[in-house]
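*Asks:* Can you read through this structure? Questions will come right after.
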Amino acid sequence: MQTQLSNILQEAKEQLKNAVTEADTEDLRIKLLGKKGRLTEILRSMGSLDPEERKTMGQAANSVRNEIENLLEETFANIKELQMGLRFKVERIDVTEPGIQTPLGTKHPITVTIDEITNVFTSMGYSIAEGPEVETVFFNFDALNAAANHPSRDLTDTFYISPGVLLRTQTSPVQARTLLAQKPPIKIISPGRCFRCDTPDATHSPMFHQVEGLLVDEGVTMADLKGTLDLFAKELFGSEVKTKFRPHFFPFTEPSAEMDVSCFKCGGKGCRICKGSGWIEILGCGMVHPNVLTVGGIDTERYTGFAFGMGVERIAMLKYGIDDIRLFYENDMRFIGQFK
């Protein structure tokens with residue numbers, strides 16, 4: 001057995017000298033020290049020896065094992081060092097070559113437009129309010145004075161999750177939630193995503209963005225609404241822009257109006273963007289309906305308010321001359337990169 005140990009150690013030394021890869025060295029380790037290795041078999045066979053001889057042979061076997069382990073460790077280290085040297089020769093780097101430029105991202109045009117709109121209103125003292133995109137029928141319709149037979153409640157217009165839960169069709173539910181959560185004076189805007197059952201085309205999308213605005217306080221009049229939105233238009237489109245209000249109908253405001261701005265491309269002379277009219281419709285607005293204030297627990301004898309809402313995609317398309325709303329959602333970096 002002593003001779004076997006000596007032979008194993010000698011063979012290990014010779015074979016490890018010839019090992020050139022880590023795989024070769026690992027194979028030798030398994031062959032010698034593995035569960036079925038030659039040295040392991042010898043250690044298992046020592047049970048048949050008498051105690052004194054077993055002690056002597058055990059010490060000799062452990063000595064051989066330690067020496068082989070040291071040889072293996074040394075061989076692994078030498079091979080790694082050799083491989084590293086070869087890599088340095090092959091993978092030379094010319095530090096004088098220019099580096100690869102990493103392109104910087106840019107904000108999406110929808111985000112840019114929302115930032116521009118919110119910056120205008122926050123400079124007027126408005127705060128930003130948020131609400132859930134998965135909304136209840138109560139906040140999306142009932143609290144906003146929408147009649148039970150209003151067409152917007154139909155399955156052809158609204159994405160319903162269950163009879164009482166839907167994807168919000170507008171950011172106006174934030175108005176109702178704010179009226180219930182806060183007491184006047186209230187002065188908020190609410191940007192966010194909305195969803196409607198529209199077939200995608202150049203001007204329609206089933207997902208889009210709106211910015212809702214709400215102000216409630218004592219003595220608020222239509223003149224305050226017109227003055228606020230006129231200032232907003234001038235800040236967003238330029239000081240020469242004019243505004244025009246046309247009567248309209250919305251369930252949650254009375255009186256209601258749509259606001260046009262003089263075409264910021266042709267100055268009102270008539271062009272392709274304004275379809276020759278010189279005016280562009282950009283938002284809906286009006287005085288908050290007393291029924292909506294009542295749902296929020298607001299004293300309608302003391303307080304009045306106005307609200308407005310605008311489509312972000314529409315404003316972005318008009319401002320930047322984009323003729324297809326689908327471009328916003330195709331994630332083509334050639335398109336998005338133009339808005340750096």
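*Asks:* Name every cysteine in the chain that ends up alone, with no second cysteine's Cβ under 4.7 Å, or say none.
*Replies:* 194, 197, 285 - these cysteines have no disulfide-compatible partner (Cβ-Cβ under 4.7 Å) in the chain.
*Asks:* Now a separate question. Quick one: net charge of residue 143's neighbours, Cβ under 11 Å, K/R +1, D/E -1?
*Replies:* -1
*Asks:* Mean-square fluctuation check for the chain, GNM, Cα pairs under 10 Å: which of 93, 189, 161 is largest?
*Replies:* 93
*Asks:* Rounded to whole Hz and in sequence order, give me ³J(HN,Hα) for segment 239-253 from the Karplus expression 6.51 cos²θ - 1.76 cosθ + 1.60, θ = phi - 60°, writing x for Gly and Pro.
*Replies:* Here the 3J(HN,Hα) series is 5, 7, 5, 10, 10, 9, 10, 10, x, 8, 9, 9, x, 9, 9 Hz.
*Asks:* Got a sec? How would 28, 236 order by Cβ neighbour count within 10 Å, fewest to most?
*Replies:* Going from sparsest to densest Cβ surroundings: 236, 28.
Read-outs: derived from the displayed coordinates by stated rules, not from any lab. Bear in mind the structure is a predicted one, so any value in this text is a computation, not a measurement. Here Cβ is always computed from backbone atoms with ideal geometry, including for glycine, and neighbour counts include all displayed protein chains.
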